[in-house]
Amino acid sequence: MSVRRLAPPDMQPPSFAFTAENAEWVKATIAKYPAGRQASAVIPMLWKGQEQEGWVTHPMIESIARQLDMPFIRVLEVATFYTMFNLEPVGILVQVCTTSPCWLRGSDAVMDACKKHIHPHQKTLSADGKMSWMEVECLGACVNAPMLQVGSDFYEDLDGPITEKLIADLRAGKPVKAGPANARHSSEPEGGAITLTEPSLYDGSIIGKYKPVAPPPPPKKPGEA
């Protein structure tokens, strides 16, 4: 594993504090753990801090360490070990899946759109400081490949032009629809479902229509008449 370090001091903010809403969430999260085990909340708290700030900062680690009564180095070890924590500003992070199903379905075109409209190199902020992108392994929507993830949302059934528009809308702060970019509702076959299409399966009309079949009698034991 490559060495992961915090951003240099000149990039760090002067301080960190959870918002009032997040502070209540943190309080409730810490309370889930038994006495003496509050350190177990370190990963959820780092994740919540990253959701709030976009990345994990030095002051954030200090604040979490104080709240959990942990040495700073212990929290730093967690933040630098797990690659899900961003240690530098990433802006809107576009995670492009390039595992085999997505690659076979055109993830190269999705990456090309990111290189063109965000930055030629992954894990690098765009010139306007608003976005970055990175290549990731399977995001779990192989049937809707190719796809990418932004925050907690997944965008599926992509191609180059669709990805370019998605990037432009994200950069402009416009609302974007998560899920398949084509006519699919979820992960049914393209063109619509071809099995389990009988309406009576779902509208309740067959309830009580068929009587349950009595199970067969148990087999007789040897010697029984």
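The values are calculated or read from the model by the stated rules, or taken from the named source; none is laboratory data. From a predicted model like this one, the values you see are computed outputs, not experimental measurements. Note that each Cβ is placed from the backbone with ideal geometry, even for glycine, and that neighbours are counted across all protein chains shown.
List of remarks:
- Among the candidates T124, T83, residue that is polar (S, T, N, Q), free of Cβ contacts under 8 Å to residues at least 40 places away in the same chain, closer than 19 Å to E53 by Cα and surrounded by fewer than 17 Cβ atoms within 10 Å (Cβ to Cβ): T124
- T163 being β-branched (V, I, T) and not assigned by TED's automatic domain parsing to the domain that holds T98: no
- L196 falls short of the stated requirement of being farther than 20 Å from A109 by Cα, surrounded by 10 or more Cβ atoms within 10 Å (Cβ to Cβ) and either β-branched (V, I, T) or at pLDDT below 85 (or both).
- Within the option set K48, K27, being crowded, with 17+ Cβ neighbours inside 10 Å and of a type in the set (D, E, K, R) holds for one residue only, K48.
- Residue list for the range 10-22, restricted to those being exposed (fewer than 13 other Cβ atoms within 10 Å of the Cβ) and either without any contact (Cβ under 8 Å) to a residue 40 or more places away in the chain or polar (S, T, N, Q) (or both): D10, S15, T19, A20, E21
- Restricting the range 1-60 to residues that are among the hydroxyl-bearing types (S, T, Y) and in contact with a helix residue (DSSP H, G or I) (Cβ under 6 Å, 6 or more places away or on another chain) leaves a set whose member that is farthest from G91 (Cα to Cα) is Y33.
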